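**Student:** Let me give you the structure first, and then I'll get to my questions.
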Amino acid sequence: MSKYECPMMSRGEIVAILNESQIANISENDLSKPNFDFVSDLYTRLLFHIDCLHEEEEHGQLEFAALDHLENPDFHVESVRIIKLYNRIKDVLASMDCPKSFILKDLIKPAPDRTELFLSAILNFGLHRQAKLDFLRPIVDELDFLEEQQRESEARISQLNAEIEEYNEARERELPLVQEVDAKVKELRQTIAGLNNQQMSMRASYRKLKEKAGEMDEKISNAEFVLVQSVQENANLRSKIVQSPDKLQRALEEKKIVREAAKNAEKIATQSYQDKTSIVELYTKVSKKMSKHFAQMQAIQEHVNSAKSIEKDFKALKAKISDEGILDKSLEAKLVERQAKAEQLDELRNQLEKERDLKCEEATLEFNNVRLEVESRRRELEARQKNVEAVVVEVDAKTSKANTIKESGAAKVQALIQKSEEIVKEFHQYANSIDVLLPMTEAEPVVG
């Protein structure tokens, strides 16, 4: 039902709705012959069902200020409960624009047709109210879900902001170290460039020395070959000394020449050996120096590798910070979207609150009117009660006066009765005396 209406229901529909809603288990016969206890209990259950009656109102509890106005409040408990239930039912039906007004007779001595009309109005309102609540329940659930999501998003955003602040603080703390590492890396790169140049020059000198060593080896091998040939020739000459002196002399001269050449070659070989030894010593020194430089280069390479790893970590951290910045932007976009939804929901909630406040104001105004009416009626009842008490006092005074007059009249009547008895008694005595005197007078002669 999108709009509240107040159609007349049949007894079967009323019984079915009451049984389905578990408000009351009744029959059509109960509606055809309603009484005070039945309708009061049924109206109370219906008012409870539509949240128009509270427990203290059901039991008819009065305020302590109201109890002060009654002499014997225990005598008025039931009447007050009936009056309050009647006023509540009347207000509820009046707010529902029921075509007929609810009167006290409809509660004390209910009529079937009017009872069915009022029950139809309250049940239609209950169905309309339940339909409205079912319609608004998904919106309220969605609002609660969105509020929960908003709280989770705000918690996630605050957590991410805290992590971003931690990352920023860590970056600020590590920034001097990064700058120092960058300076060391630049210095190491310059050192590596210088060492590379020095290594290239040393390699070039090493190649030259190697070439010279090869040449010296070749010269030494040639000198050794010449020495071996001279030794063989010397042996040949010694074998020829015995055979021919001339030939020996010539051979000796040739041998001297060869010996001088050999000595020269030996000197050259010795010189070349010394040169080669000095070259080997130079190579040894260069090798030691190269190994030392190689160790330094390995240490520098380790520093470079550590610097590269630090730079790689720095780039990864920078990429992570950029990714987190993108994530922050996406979260900010989601937050803006959620805030827009939250604003829409706030507007809807404000609208619902305005409607609720308007209805509450209307209900409060109606309640104030009813309260004023109840107050005026209460004052009238108090005035009537005072008048009744005055009348009762007057009646009591008149009753006591009547009792006094009655007692005095009874005493007078008793005195009159006694006096009448005395008169009757005297009359009887007089009659008896007359009865005695009559025969005597009849017996006497008449004097002529």
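The values are calculated or read from the model by the stated rules, or taken from the named source; none is laboratory data. No experiment lies behind these values; they were computed from the predicted model shown. FYI the Cβ positions are ideal-geometry reconstructions off the backbone, even for glycines, and counts take in every protein chain you see. Just so you know, the surface numbers come from the protein's heavy atoms only, side chains and all, with ligands and any DNA or RNA stripped out. Shrake-Rupley method; radii C 1.70, N 1.55, O 1.52, S 1.80 Å.
**Student:** Under 7 Å by Cβ, and 6 or more places apart or on different chains, what pairs join a residue from region 205-231 that is assigned to a helix (DSSP H, G or I) with one that is open to solvent by 50 Å² or more (accessible area, probe 1.4 Å) and modelled with pLDDT of 80 or more?
**Tutor:** Listed by first residue and then by second, the contacts come to Ala223/Ile268.
**Student:** In region 393-416, which residue that is open to solvent by less than 70 Å² (accessible area, probe 1.4 Å) and modelled with pLDDT of 80 or more is farthest from the chain's Cα centre (by Cα)?
**Tutor:** Among them, the one singled out is Ala415.
**Student:** Then there is this: Report every pair of residues separated by at least 6 positions or lying on different chains whose Cβ atoms are under 8 Å apart, first residue within region 268-285 and closer than 13 Å to Ile220 by Cβ, second acidic (Asp, Glu) and not in a helix (DSSP H, G or I).
**Tutor:** none
**Student:** Give me a count of the residues in region 263-306 that are more than 25 Å from Arg207 (Cβ to Cβ) and among the small types (Gly, Ala, Ser).
**Tutor:** Adding up the residues that qualify gives 3.
**Student:** Where residues in region 232-248 are in a helix (DSSP H, G or I) and open to solvent by 100 Å² or more (accessible area, probe 1.4 Å), which of them is modelled with the lowest pLDDT? Talk me through it step by step, then tell me what you get.
**Tutor:** Kept after step one, since they are in a helix (DSSP H, G or I), are these residues of region 232-248: 232-240, 245-248.
Narrowing the set further to residues that are open to solvent by 100 Å² or more (accessible area, probe 1.4 Å) leaves 232, 238, 240, 246-247.
On the way: Gln232: 79, Arg238: 68, Lys240: 61, Asp246: 66, Lys247: 65.
Only one residue tops the list, namely Lys240.
**Student:** Something else about it: Select from region 249-267 the residues that are aliphatic (A, V, I, L, M) and within 30 Å of Asp217 (Cβ to Cβ) and write down the one among them that is modelled with the highest pLDDT. Before you say what the answer is, go through the steps one by one.
**Tutor:** Taking region 249-267 first, the residues aliphatic (A, V, I, L, M) are 251-252, 257-258, 261-262, 265.
If we keep only those that are within 30 Å of Asp217 (Cβ to Cβ) too, we end up with 257-258, 261-262, 265.
Details: Ile257: 84, Val258: 76, Ala261: 79, Ala262: 73, Ala265: 76.
It comes out as Ile257.
**Student:** Here are the criteria: (1) open to solvent by less than 100 Å² (accessible area, probe 1.4 Å); (2) at pLDDT below 80. Tell me which single one Glu361 does not satisfy.
**Tutor:** Status for Glu361: all satisfied but (1).
**Student:** Restricting to region 169-190, name every residue that is open to solvent by less than 50 Å² (accessible area, probe 1.4 Å) and either outside any helix (DSSP H, G or I) or over 27 Å from Ile300 (Cβ atoms) (or both). Lay out the reasoning, then the answer.
**Tutor:** Our first condition is that a residue be open to solvent by less than 50 Å² (accessible area, probe 1.4 Å); within region 169-190, this holds for 170, 178, 181, 185, 188.
Listed by number, the list holds a single entry, Ala170.
**Student:** OK, next. Report yes if Leu372 is modelled with pLDDT of 75 or more and in contact with a helix residue (DSSP H, G or I) (Cβ under 6 Å, 6 or more places away or on another chain), otherwise no.
**Tutor:** Details: modelled with pLDDT of 75 or more: yes; in contact with a helix residue (DSSP H, G or I) (Cβ under 6 Å, 6 or more places away or on another chain): no.
Answer is no for this residue.
**Student:** Ok, one more. Using the structure shown, decide if Leu372 is in contact (Cβ under 8 Å) with a residue 40 or more places away in the chain and assigned to a helix (DSSP H, G or I).
**Tutor:** Numbers: in contact (Cβ under 8 Å) with a residue 40 or more places away in the chain: no; assigned to a helix (DSSP H, G or I): yes.
In short, no.
**Student:** Ok, one more. Exactly one condition in (1) within 43 Å of the chain's Cα centre (by Cα); (2) surrounded by 11 or more Cβ atoms within 10 Å (Cβ to Cβ) is not met by Glu166; state its number.
**Tutor:** For Glu166, the exception is condition (2).
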